[in-house]
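Trainee: Okay, here's the structure, questions in a sec.
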Amino acid sequence: MSAAVYPTLEAVLHDPLFPEVDVGLRSGRHYSLDGDIREYEFLQAAQEWLEAFYKRYGCRLLHGPESYYYLLSDGLLLGSRHMMVAEMLVGQTLALMRMDPAFLVRNGQIPEEKLLTMLEHLVGQERLLASLAPRTRGRDRGTDARKVREEVEKALHGLQRLGLVRRLADGDERLVLPRPAIMRFAEAVRDASDPAEALKRLVARGEARIPESLDSEDDA
C-alpha cells in the first residue's frame, strides 16, 4: 500500500474508482494488469486497506500469479453461486489452449470454431452432448449441434463478464482472447511437470474442477 496515495481507508473509499471496482469484485470480476490498468493500479495501491475492509465481510482480496485481482468469499455474508457446466468446460479448454504456443500465433486470439473443435476433441462428442445438450430420448444432429453452440456462447458471455476472456471479431470470424485470469482453471495442475498434459488428462476424464475462488457472488 502506498500511504502517500491512500493514507486512510476513507481515502480509498472516496476514490471515484472504488464503487465500480467494489461492485465488480463482489460479482466475481477479475481485474488484470493486461486490460484493466486503471482498476489494477487502484487495487495495487489500496491493497492493504482493502484486504482489511473485505475481511469484515468474510472475503479475501487475492492477487493471482498472472497479475490479476479477485475477491474470494466464504459464502456466509455475500453468498456465492457455482459456475455453469459449460463455463467450466470452456474455461478449462481455453486455459489449456492458452498454454499451447500453436494457438498464440494471432496475438493469443483463438477462433471460436477452433475452441469448439478442441472442446469436442478433449471431452468427446457423447460426453459433450450429455453435458451441454442432454436429452431423455433420441438425438437430432442439427438440433444438438445448435444447442452446444448456444451453451458455449452463453459460457463465453459469462466468462467475459467475469473478466476471464475478451471477445473479438476479424471480419466474419469470431475470436476469443483468453485473459490472464483464465489460468485459474489450471491451478490444480500448476505444479505438475507438464501442466498442459496434466490438465488435458483431467479434462478428458471429466476430473478437472474449477477453483472455489472462480465462483461468482450473486448476493453482492
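Trainee: Name the single residue, out of those in segment 98-118 being in a helix (DSSP H, G or I) and of a type in the set (Asp, Glu), that is surrounded by the most Cβ atoms within 10 Å (Cβ to Cβ).
Mentor: Only one residue fits best here, namely GLU112.
Trainee: What number of residues within segment 76-88 are part of a loop (DSSP other than H, G, I, E, B) and modelled with pLDDT of 85 or more?
Mentor: The qualifying residues number 1.
Trainee: Working carefully through the options ARG29, ARG38, find the one that is assigned to a loop (DSSP other than H, G, I, E, B) and either at pLDDT 90 or above or surrounded by fewer than 13 Cβ atoms within 10 Å (Cβ to Cβ) (or both).
Mentor: Step by step, each of ARG29, ARG38 is checked, and only ARG29 is assigned to a loop (DSSP other than H, G, I, E, B) and either at pLDDT 90 or above or surrounded by fewer than 13 Cβ atoms within 10 Å (Cβ to Cβ) (or both).
Trainee: Going residue by residue through segment 81-97, is there one that turns out to be touching a strand residue (DSSP E or B) at 6+ places or on another chain (Cβ under 7 Å), surrounded by 14 or more Cβ atoms within 10 Å (Cβ to Cβ) and not aliphatic (A, V, I, L, M)?
Mentor: No - not one qualifying residue is present in segment 81-97.
Trainee: While we're looking at this one, here's another question. All but one of (1) out of contact with any Phe, Trp or Tyr (no Cβ under 7 Å at 6 or more places or on another chain); (2) in a helix (DSSP H, G or I); (3) closer than 20 Å to ARG149 by Cβ hold for GLY91; state the number of the condition that does not hold.
Mentor: Condition not satisfied by GLY91: (1).
Trainee: Turning to a different aspect of this structure: Can you confirm whether segment 130-149 contains a residue that is assigned by TED's automatic domain parsing to the domain that holds ALA188, among the basic types (Lys, Arg) and touching a residue at least 40 places away in the same chain (Cβ under 8 Å)?
Mentor: Looking for residues that are assigned by TED's automatic domain parsing to the domain that holds ALA188, among the basic types (Lys, Arg) and touching a residue at least 40 places away in the same chain (Cβ under 8 Å), one finds none in segment 130-149, hence no.
Trainee: Identify, by number, the condition in (1) within 30 Å of TYR69 (Cα to Cα); (2) assigned to a helix (DSSP H, G or I) that ARG167 doesn't meet.
Mentor: Among (1) within 30 Å of TYR69 (Cα to Cα); (2) assigned to a helix (DSSP H, G or I), the lone unmet condition for ARG167 is (2).
Trainee: Going through segment 41-64 one residue at a time, which ones are outside any helix (DSSP H, G or I) and touching a residue at least 40 places away in the same chain (Cβ under 8 Å)?
Mentor: Matches in segment 41-64: LEU62, GLY64.
Trainee: Quick check on TYR54: is it modelled with pLDDT of 95 or more, closer than 21 Å to LEU159 by Cβ, surrounded by 14 or more Cβ atoms within 10 Å (Cβ to Cβ) and not assigned by TED's automatic domain parsing to the domain that holds LEU159?
Mentor: No.
Trainee: Continuing with the same structure: State whether the residues of segment 136-145 include one that is under 24 Å from ILE182 (Cα atoms) and either touching a helix residue (DSSP H, G or I) at 6+ places or on another chain (Cβ under 6 Å) or not in a helix (DSSP H, G or I) (or both).
Mentor: No; the residues of segment 136-145 include none that is under 24 Å from ILE182 (Cα atoms) and either touching a helix residue (DSSP H, G or I) at 6+ places or on another chain (Cβ under 6 Å) or not in a helix (DSSP H, G or I) (or both).
Trainee: Checking ARG127 against (1) closer than 20 Å to LEU199 by Cα; (2) under 19 Å from the mean Cα position of the chain (by Cα); (3) of a type outside the set (Ser, Thr, Tyr), only one condition comes out false. Which one?
Mentor: (2)
Trainee: One residue is enough: does segment 137-149 have a residue meeting the conditions more than 30 Å from ARG26 (Cα to Cα) and aliphatic (A, V, I, L, M)?
Mentor: yes
Trainee: Here's another thing I want to ask about it. Say we look at segment 169-204 and pick out the residues that are among the aliphatic types (A, V, I, L, M) and surrounded by fewer than 15 Cβ atoms within 10 Å (Cβ to Cβ); which of these is farthest from LYS154 (Cα to Cα)?
Mentor: ALA192
Trainee: On to the next question. In segment 100-129, what count of residues is obtained for those that are in contact (Cβ under 8 Å) with a residue 40 or more places away in the chain and among the basic types (Lys, Arg)?
Mentor: Within segment 100-129, residues that are in contact (Cβ under 8 Å) with a residue 40 or more places away in the chain and among the basic types (Lys, Arg) number 2.
Trainee: Right, another one. Taking VAL23 as meeting all but one of (1) in a helix (DSSP H, G or I); (2) in contact with a strand residue (DSSP E or B) (Cβ under 7 Å, 6 or more places away or on another chain); (3) of a type in the set (A, V, I, L, M), write down the number of the exception.
Mentor: (2)
The values are calculated or read from the model by the stated rules, or taken from the named source; none is laboratory data. Note that the structure is predicted; figures quoted are calculated from it, not measured. Cβ: placed from backbone, ideal geometry, glycine included. Neighbour counts: every protein chain shown.
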